[in-house]
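A quick write-up on the structure given underneath.
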Ligand code: DOR
Ligand code: ZN
Ligand code: ZN
């Protein structure tokens, strides 16, 4: 099968060029001004072709909580949101903390229509598993209480985990960040702080220059909402870390401009609306379908450049987690692309979502700039609001 995307503007080498993209099987084989013949052609006139987004932080809930989401519905939401690769978190039921459970999750993930990878979970006593595990994005470390039962607060155990993995993805809040940095310093490994949400946390992350790489992830919900939104949304907008003040939100946007923020990821954490409205509501909000439209709307409002957005959502996640052949529109790279329409204005509507939980804290938001077509491994998996179910595959990593 070959596919030609013609007449669009291609995001390449940090700029936009009017070029055609020729795809053969699952690879971009030519980016050219010529019009080559293909089995199928997409006319991308007035549209922009960017690398498919790599969402480094999702909770697709499988196994164990498939009434909230599963790899098919979660990946449909991702595809509709211009995301072509997701990295799934280990706080499933049971948690992904040993090799056998990871194999089981690999089997379940085969129905995903976007490419996928996994963060491996850590516990107080699974160092032997961590040392053996292969082809994972990171080892996830929960230093703070949240959904699941994976919190670790013993420094000796934490140090052992940090010492045994090339990169840890850490849920740490407030001063826990300083504690994590003091431990990573004793190793030659890197650390990825998930969902940094406040001015203080951002300051803690980049305060000290150390030999290790310290990466900062922020989420759309912390960029576009503040604690004030709790007035309208109540527990629907409760997540960990909590929504913060406008001052904090401003610091995150500054971090995006000045380079202190390294990645944007959704922390897509679906729970049913019923669960969210209970007295003991769970933390988390879905986000795969709304991240790109929110960011493109911000591009239209000049809060962000397209270049920075592509760095934070495509190029950097592939670099940080060392994902092979993704994150760029480039000859020889995987044909994982998002075709976007910066002029399209549309409202986020709960009943149009593909996530199984079918609600969004951004319901009713009018946004300008939407993904219109998503291509994964050369297959069109999302087009004109419709999903086309084609199985995708697990990513691999550079050593
Ligand atoms: O709000 C959150 N929800 N924060 C987390 O750290 C976990 C996530 C979930 O799994 O529901
Ligand atoms: Zn977290
Ligand atoms: Zn999370």
Q.
Whether any residue in segment 351-365 is in a strand (DSSP E or B) and crowded, with 20+ Cβ neighbours inside 10 Å is what I want to check.
A. no
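In the set 247, 228, 211, which member is at pLDDT 95 or above and under 19 Å from residue 276 (Cα atoms)? It would help to see each step written out before you state the result.
Numbers: 247 fails: under 19 Å from residue 276 (Cα atoms); 211 fails: under 19 Å from residue 276 (Cα atoms).
From the options 247, 228, 211, the qualifying one is 228.
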Q. Do you know which residues across segment 102-133 are surrounded by 24 or more Cβ atoms within 10 Å (Cβ to Cβ), within 22 Å of residue 336 (Cα to Cα) and touching a helix residue (DSSP H, G or I) at 6+ places or on another chain (Cβ under 8 Å)?
A. 109, 112, 113, 114, 116
Q.
So, in segment 15-62, how many residues would count as being within 21 Å of the chain's Cα centre (by Cα) and either surrounded by fewer than 20 Cβ atoms within 10 Å (Cβ to Cβ) or assigned to a strand (DSSP E or B) (or both)?
A. 10
Q. For residue 76, all conditions in the list (1) in contact with a helix residue (DSSP H, G or I) (Cβ under 8 Å, 6 or more places away or on another chain); (2) crowded, with 16+ Cβ neighbours inside 10 Å; (3) over 17 Å from residue 317 (Cβ atoms) hold save one; what is the number of the exception?
A. (1)
Q. Looking only at segment 64-117, which residues are under 12 Å from the mean Cα position of the chain (by Cα) and within 16 Å of ligand 2 (Cβ to nearest atom)?
A. 86, 87, 88, 89
(Q) Being within 22 Å of the chain's Cα centre (by Cα), buried (at least 18 other Cβ atoms within 10 Å of the Cβ) and within 22 Å of residue 56 (Cα to Cα): is that true of residue 144 here? (A) no
**Q.** Qualifying positions in segment 333-350 - out of contact with any helix residue (DSSP H, G or I) (no Cβ under 8 Å at 6 or more places or on another chain) and either under 10 Å from residue 370 (Cα atoms) or assigned to a strand (DSSP E or B) (or both)
**A.** 334, 337, 339, 341, 343, 344, 345, 347
Q. From the set of residues in segment 251-298 that are surrounded by fewer than 19 Cβ atoms within 10 Å (Cβ to Cβ) and closer than 23 Å to residue 79 by Cβ, which is farthest from ligand 3 (Cβ to nearest atom)?
A. 273
Q) Is there a residue being within 19 Å of the chain's Cα centre (by Cα) and without any contact (Cβ under 8 Å) to a residue 40 or more places away in the chain anywhere in segment 316-334? A) yes
Q) Yes or no: residue 260 under 19 Å from the mean Cα position of the chain (by Cα), in contact (Cβ under 8 Å) with a residue 24 or more places away in the chain and more than 16 Å from ligand 2 (Cβ to nearest atom)? A) yes
(Q) Here is a check on your reading of the model: is residue 344 modelled with pLDDT of 95 or more, surrounded by fewer than 22 Cβ atoms within 10 Å (Cβ to Cβ), within 28 Å of residue 255 (Cβ to Cβ) and over 15 Å from the mean Cα position of the chain (by Cα)? (A) no
Q: Keeping to segment 167-183, report how many residues are within 19 Å of residue 150 (Cβ to Cβ) and either away from ligand 1 (no atom under 16 Å from the Cβ) or in contact with a strand residue (DSSP E or B) (Cβ under 6 Å, 6 or more places away or on another chain) (or both).
A: 8
Q) Applying the selection to segment 87-101, what residues are buried (at least 19 other Cβ atoms within 10 Å of the Cβ), within 12 Å of ligand 1 (Cβ to nearest atom) and farther than 18 Å from residue 124 by Cβ? A) 88, 89, 92
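The values are calculated or read from the model by the stated rules, or taken from the named source; none is laboratory data. Keep in mind that what you see is a predicted model, and the values were worked out from it rather than measured. Glycine also receives a Cβ, built like all others from the backbone with ideal geometry; neighbour counts cover every protein chain displayed.
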